[in-house]
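For reference, the structure discussed in these notes is given below.
The values are calculated or read from the model by the stated rules, or taken from the named source; none is laboratory data. Predicted model only: the values in this text are computed from it and were never measured. All Cβ positions, glycine included, derive from the backbone under ideal geometry; neighbour counts span all protein chains shown. When the accessible area is computed, the model is the full protein with side chains, heavy atoms only, and any ligands, DNA or RNA have been set aside. Shrake-Rupley method; radii C 1.70, N 1.55, O 1.52, S 1.80 Å.
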Amino acid sequence: MAKSNCTQATEFSLTGFAEDPMAQATLFLMFLLTYLVTILGNLGMIMLIRASPRLRCPMYYFLGNLAFIDLCSSTIITPKMLVDFISENKGIAYAGCVAQVFIFDLFGMTECFLLAMMAYDRYVAICHPLVYPLVMSPKRCFQLVTGSYLVGLANGLGQTISMSNLSFCGSSVIDLFFCDISPLISLSTSDTTLSHIILRTSASLFGVSSSLVVLVSYVAIISAILSISSAEGKRKAFSTCASHLTTVSIFYGTSLFMYLKPSSDSSRERDKWAAVLYTVVTPMLNPLIYSLRNQEVKEALRRLTKL
């Protein structure tokens, strides 16, 4: 009966960040610069990998896909956030909100699994170098990347279906800077049991399983590195993993905190800045981390700039 008397929300309002005009101007400039670096860095990484014959190997095939994912996931969030900084109307249509939920959850989970596949790639390269060309063949790499996208698609569809079953008859104010399924569930006036089950199951099944692949891979990698007798050999082996390990730590740490923390542990400002880390900062840092720490990327860039 309550549902029949419900006037479904057609638009949501995003609270964003500080209301102070000076603070908003500062944040606008900061996030605009971050987004420009994200676009240039990830596009540059994709073009460099495609243009350089030295980077035609599985690790850079995965890295090119990671750059594409970061480009897409950042673009679905940041431009709208920038517009909201300079606009009095911070609303987003219901259809736009659904699109954000679907695309963000699709690429977010794809990135989880792609990072896990990159960890597996490093494990095979360091622990089983003799069979590396056979195990990480072009066909196998394509299958691993395709599988990551399919898992992401399943997650995006699951969260979108979850949202479509929710009724929003009360407040339409989302205390965040983009449409995320977790605050939307909190806003709903209908039974959210199924939505909570889908959210927790997705985060636990997909997120935890991919993080376990990373954890197991790096336990084996560290064990193999420690068994190397020479200090130079240890340094070279670790340098091939340092960039990926840095990216993994930032991405998994913030995303698992957001989606697996207890419901009672809620600080909206802290949640917003944790969300900024994995939606805005991480896509910017990934190409910088790999370009600044990776000698092969720097060498390929030097060769191309000399042409």
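Could you pull out the trypsin sites (Lys or Arg not before Pro) across segment 1-97 that fall in loop regions by DSSP (anything but H, G, I, E, B) with no more than 13 other Cβ atoms inside 10 Å?
Passing sites in segment 1-97 are Lys3, Arg56.
Dipole of segment 1-108 (Lys/Arg Cβ +1, Asp/Glu Cβ -1, origin at the Cα centre): which of Met47, Leu27, Phe68 lies farthest to the positive side?
Sorting the options by dipole projection puts first Met47.
Filter the cross-link list Lys90/Lys272; Lys80/Lys272; Lys139/Lys298 down to pairs whose alpha-carbon distance in this structure exceeds 21 Å.
Over 21 Å apart, Cα to Cα: Lys139/Lys298.
Where does each of 71-77, 110-116, 178-184, 147-153 land if you order them by average Cβ count within 10 Å, highest first? Can you show the working numbers first?
Values: 71-77: 20.0, 110-116: 25.4, 178-184: 21.6, 147-153: 18.4.
Answer by packing, highest mean first, reads 110-116, 178-184, 71-77, 147-153.
Using a Gaussian network model on the chain with a 10 Å cutoff between Cα atoms, which of Asn42, Asn165, Asn286 fluctuates the most?
The residue with the greatest mean-square fluctuation here is Asn165.
In whole Hz, what ³J(HN,Hα) sequence does segment 83-93 give by Karplus (6.51, -1.76, 1.60; θ = phi - 60°), x for Gly and Pro?
Per residue, the Karplus-derived 3J(HN,Hα) values read 4, 5, 5, 10, 10, 6, 8, 9, x, 9, 4 Hz.
Which whole-number value in Å² is the accessible area per residue of the chain, probe 1.4 Å?
Details: 14820 Å² over 307 residues.
Solvent-accessible surface per residue comes out at 48 Å².
For Cys169, what residues show an amide H to amide H distance below 5 Å, using hydrogens built from the backbone and excluding near sequence neighbours?
Those qualifying (amide H under 5 Å, at least 5 residues apart or on another chain) are Thr189.
Can you send over the carbon and sulfur percentage of the accessible area for segment 11-305, probe radius 1.4 Å, protein chains only?
Values: 9430 of 13530 Å².
So the carbon and sulfur contribution to the accessible surface is 70 percent.
Can you list the HN-Hα couplings for segment 64-76, worked out from phi with the Karplus curve (6.51, -1.76, 1.60; θ = phi - 60°), rounded to whole Hz and with x for Gly and Pro?
x, 5, 4, 5, 5, 5, 4, 4, 5, 5, 5, 5, 6
With each run of n ≥ 4 DSSP H residues scored as -39500 (n - 2.57), what mean residue ellipticity at 222 nm is computed for the chain after dividing by its residue count and rounding to the nearest 500 deg cm²/dmol? Before the final figure, lay out the partial values.
Values: 12 runs with 223 residues, N = 307.
Helix-only estimate at 222 nm: -24500 deg cm²/dmol.
³J(HN,Hα) across segment 181-187 via Karplus (A = 6.51, B = -1.76, C = 1.60, θ = phi - 60°), whole Hz, x for Gly/Pro?
So the Karplus estimates, Gly and Pro as x, are 5, 5, x, 5, 4, 5, 7 Hz.
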